[in-house]
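The values are calculated or read from the model by the stated rules, or taken from the named source; none is laboratory data. The structure displayed is predicted, hence computed values, not measured ones. We place every Cβ from the backbone using ideal geometry, glycine too, and count neighbours over all the protein chains shown. We work out accessible area using only protein heavy atoms, side chains counted, and drop any ligands, DNA or RNA first. Shrake-Rupley method; radii C 1.70, N 1.55, O 1.52, S 1.80 Å.
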Amino acid sequence: MPQNQPSHEIRPKNDAAPDCATPKMQAADEIQDQETAENAGLYDLVCGDFGRALMLLSRVPWVGSINFQPALIARSVWCWPLIGLFLAGIAALPALAIGWLSGNNGLASVFAILAMVILTGALHEDGIADCADGFGGGTTRERKLEIMRDSAIGSYGVVALVLVFATRLFVALQAFEIGIFLSALMISAMFSRLAMPVLMMALPPARSDGLGRSAGRPALIPFLLALFAVVIVTMLLGGPVMMLAGLLALICACLMVGFIAKWQIGGHSGDVLGSAQIIAELFVAIAILSVASRGI
């Protein structure tokens, strides 16, 4: 996968359609990928998975070559929340600097949002815009998927992005006002990256190609490791009540996005996963603010 390609689709290496391969060939490839994942050393398990996840979910470069075999992508979900934590930590730096220099929380909030968009290459924003256009403008499953793959943005996508960025701005402003901006940014970034493997495990791929099909279904252990990391970090930053509020918000976001995706296109895709990240981020951030503002 190209390092800086802001797309949710992992294209096949050749021009042939994925359905052209025989079931026997596909099964052989899956077995080979699984064996590669199981025989990986400690370095590839830790550094390889982190670099693989970083290049998949952001524009941040990684030193060395990265193998994007389906089994390895699915295995790397254990560190997807850590990628969110890493990106949030970087995005917080310019925001805190601007806030300290200007004393303007609104300006600092804008820079925090801008930094995250730059770091991710608007990957998730592209997903929610495509889903809004496809789900709102298509009348059949095939037409919805066709619209979602189109690079042009329609009116539904514009409205979705405006609402997303407006909500982000007001959430960041309130987080600054009650003094939890940094912890809220990091916690919501981690929880939202956990939403993607939840849908990958719960729903079938809606396409025969693309990220949803290529990434495969994560195993239970990598997912539990990701969940454990989110729980521990949230407990350290916000306490048990905030952790439980974040989990509840994550469940609500996954149920909503999963139900709509299943109803509209029969499963998940790269765009659906991007939408899940955005929706979960907003739900978790609102839950965190609700807990903190009431002093619970």
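Restricting to segment 177-188, and then to whatever is in contact with a Leu (Cβ under 9 Å, 6 or more places away or on another chain) and outside any helix (DSSP H, G or I), can you tell me which residue is surrounded by the most Cβ atoms within 10 Å (Cβ to Cβ)?
ILE180
Within segment 130-145, how many residues turn out to be aliphatic (A, V, I, L, M) and more than 19 Å from ILE278 (Cβ to Cβ)?
Summing the residues that are aliphatic (A, V, I, L, M) and more than 19 Å from ILE278 (Cβ to Cβ) in segment 130-145 gives 1.
Scan segment 240-259 and report the pairs whose first residue is among the β-branched types (Val, Ile, Thr) and whose second residue is open to solvent by less than 20 Å² (accessible area, probe 1.4 Å) and not in a helix (DSSP H, G or I), with Cβ atoms within less than 9 Å and a gap of 6+ or a chain change.
Final answer for the pair search is VAL257/HIS268.
Report whether or not ARG141 is of a type in the set (Lys, Arg), over 22 Å from the mean Cα position of the chain (by Cα) and either open to solvent by 40 Å² or more (accessible area, probe 1.4 Å) or under 25 Å from ILE90 (Cβ atoms) (or both).
It is true that ARG141 is of a type in the set (Lys, Arg), over 22 Å from the mean Cα position of the chain (by Cα) and either open to solvent by 40 Å² or more (accessible area, probe 1.4 Å) or under 25 Å from ILE90 (Cβ atoms) (or both).
For the structure I just gave you, tell me whether LEU255 is over 26 Å from GLY138 (Cα atoms) and open to solvent by 70 Å² or more (accessible area, probe 1.4 Å).
Considered against the rule, which asks whether it is over 26 Å from GLY138 (Cα atoms) and open to solvent by 70 Å² or more (accessible area, probe 1.4 Å), LEU255 comes out as no.
Might you let me know whether segment 167-176 holds any residue that is surrounded by fewer than 23 Cβ atoms within 10 Å (Cβ to Cβ), within 16 Å of the chain's Cα centre (by Cα) and farther than 18 Å from GLY270 by Cβ?
Yes, because at least one residue in segment 167-176 is surrounded by fewer than 23 Cβ atoms within 10 Å (Cβ to Cβ), within 16 Å of the chain's Cα centre (by Cα) and farther than 18 Å from GLY270 by Cβ.
Picking from ALA245, ALA276, ALA249, which residue would you name as being within 20 Å of CYS79 (Cα to Cα) and among the hydrophobic types (A, V, I, L, M, F, W, C)?
ALA276
Kindly indicate whether ILE153 is outside any helix (DSSP H, G or I), in contact with an Asp or Glu (Cβ under 8 Å, 6 or more places away or on another chain) and surrounded by 15 or more Cβ atoms within 10 Å (Cβ to Cβ).
So ILE153 passes the test.
Can you report the number of residues in segment 262-296 which are at negative phi, in a loop (DSSP other than H, G, I, E, B) and either without any contact (Cβ under 8 Å) to a residue 12 or more places away in the chain or open to solvent by 10 Å² or more (accessible area, probe 1.4 Å) (or both)?
The qualifying residues number 2.
How many residues does segment 27-59 hold that are assigned to a loop (DSSP other than H, G, I, E, B) and at pLDDT 85 or above?
2
Only one residue in ARG193, ARG213, ARG168, ARG207 is of a type in the set (D, E, K, R), closer than 30 Å to ASN67 by Cβ and modelled with pLDDT of 95 or more. Which one?
Going through ARG193, ARG213, ARG168, ARG207 in turn, just one is of a type in the set (D, E, K, R), closer than 30 Å to ASN67 by Cβ and modelled with pLDDT of 95 or more: ARG193.
Inspect all residues belonging to segment 213-228 and state whether any of them is within 21 Å of VAL117 (Cα to Cα), in contact (Cβ under 8 Å) with a residue 24 or more places away in the chain and in contact with a Phe, Trp or Tyr (Cβ under 9 Å, 6 or more places away or on another chain).
No; the residues of segment 213-228 include none that is within 21 Å of VAL117 (Cα to Cα), in contact (Cβ under 8 Å) with a residue 24 or more places away in the chain and in contact with a Phe, Trp or Tyr (Cβ under 9 Å, 6 or more places away or on another chain).
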